[in-house]
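Bear in mind these aren't lab numbers, they're just calculated from the coordinates by the rules spelled out. This is a predicted model, so every value here is computed, not measured. Please note: Cβ atoms are built from the backbone with ideal geometry, for glycine as well, and neighbour counts cover all protein chains shown.
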Amino acid sequence: MSERLEEIAARMMTAGKGLLAADESTATIKKRFDTIGLESTETSRRDYRQMLFSAEEAMRDFISGVILYEETLFQKASDGRPLAEIIVAAGAVPGIKVDTGAKPMALFPGETVTEGLDGLRDRLTKYHAAGARFAKWRAALPVSDTLPSFGAIKANAHALARYAALCQEAGIVPIVEPEVLMDGVPGNHSIKRSEEVTEETLRITFEELADQRVSLEGMILKPSMVIDGKKARKASVQEVAERTLRVLKRTVPAAVPGIAFLSGGQTTEEATAHLSAMNAMGPLPWTLTFSYGRALQTEALEAWGGRPENIAAGKRAFSHRAKMCSLAARGQWKKDMEKAA
Ligand code: 13P
């Protein structure tokens, strides 16, 4: 019998563990590989992800689930084993990004609506058969004095809710990700503006989830933190943590089992410090952990550099960062632990 949604969500939210977002689209992973001067091919993408998923310490002790891009879900490791099987063998849950991207929204200049609902029911059946037990859909909301508009928040929240309903029908836990961008255009907004926008976005998102009969117990929220724009960064760790928790407590029902943040362009250390500060302010009604892409991978990518002889160094860098994030998920990370490992 299929595992229940609540059981999958509970495994994803195992105490002290979090999610690795390794679901960069082909265009995005190319940008990441460009930073180390590596050509993005099907094989180099496979080699890189195989390195991450076979980093024993990270995967066994600190990572409860991995978000994959479709190509990776159906890809095999160099020894012929499916990459998804390596993730399962390490004790983590494989997941899949199912949206087809944020597209310009008609009549809403500067805003996007995330697409991918057409044909999603059939794709989910295929992904479930390949081992995926959770999925992700990301909406992207730029911030300015006037954006995001109510219309864009509403359209994106509605699509998130329709996606979440289809996932639950298929026995897949939906990660609902309404990202309020910190590095969008113009990117100079205050933390107060971020708080306002994040609160409205989450409020509308949970209204739409209720309208579409989505079970809160069988989903995970992946929000951005309340933080000032990348070009105007000045808020302290404490302020980011306090404002983020205030908004989450106002808007996220306690029935939601877990909240797993995206890093959104924060440095690895900022993302770790913020998560730790929030968990140190507990107890909280939900598990609060990480679902980082860049904040988990940047150091591993650099240490690897695309060279087979650096695979062990890449795994070590990934394990170290995953360990720091795990400490943050327990509210126990301190800056001086960064050097110790
Ligand atoms: P970042 O942590 O790099 O923002 O990526 C997480 C993610 O999955 C964004 O959709």
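Below, the figures for the structure above:
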| read-out | value |
| --- | --- |
| 5 angstrom amide H check on residue 135, placed H, neighbours 5+ away | 96, 173, 175 |
| Point-to-point label distance, residue 237-residue 7, nm (Cα→Cβ direction, 7 Å offset) | 3.9 nm |
| Helix-only CD estimate at 222 nm, as mean residue ellipticity for the chain, using -39500 (n - 2.57) per DSSP H run (n ≥ 4) | -14000 deg cm²/dmol |
| Amide hydrogen neighbours beyond the local backbone of residue 261, cut-off 5 Å, H modeled | 289, 290, 291 |
| Whole-Å distance, taken between Cα centres, linking the stretch 44-81 and the stretch 279-341 | 16 Å |
| Neighbourhood net charge (11 Å Cβ-Cβ; Lys/Arg +1, Asp/Glu -1) for residue 56 | +1 |
| The stretch 200-206 - phi-based ³J(HN,Hα) in whole Hz, Karplus 6.51/-1.76/1.60, Gly and Pro as x | 5, 4, 5, 4, 5, 4, 6 |
| Test item: Cα-centred dipole of the stretch 15-96, Lys/Arg +1 and Asp/Glu -1 on Cβ, debye | 80 debye |
| Flagged links, alpha-carbon separation over 23 Å, of 17/154; 103/136; 315/335; 222/339; 103/249; 17/230 | 17/154; 222/339; 103/249; 17/230 |
| GNM top mover of 313, 106, 15 - the chain, alpha-carbon springs below 10 Å | 106 |
| Local net charge near residue 91, Cβ-Cβ under 11 Å (Lys/Arg +1, Asp/Glu -1) | +1 |
| Descending semi-axes in Å of the stretch 141-273, equivalent ellipsoid built from Cα gyration tensor | 25, 16, 12 |
| Taking only Cα atoms of the stretch 8-124, radius of gyration then Dmax in Å | 16.0, 50 |
| For the chain, built as a Gaussian network whose Cα springs stay under 10 Å, the top-fluctuating residue of 36, 191, 220 | 36 |
| Computed E for residue 211/residue 337 - FRET, C-beta separation, R0 51 angstrom, nearest 0.05 | 0.70 |
| Neighbourhood net charge (11 Å Cβ-Cβ; Lys/Arg +1, Asp/Glu -1) for residue 144 | -1 |
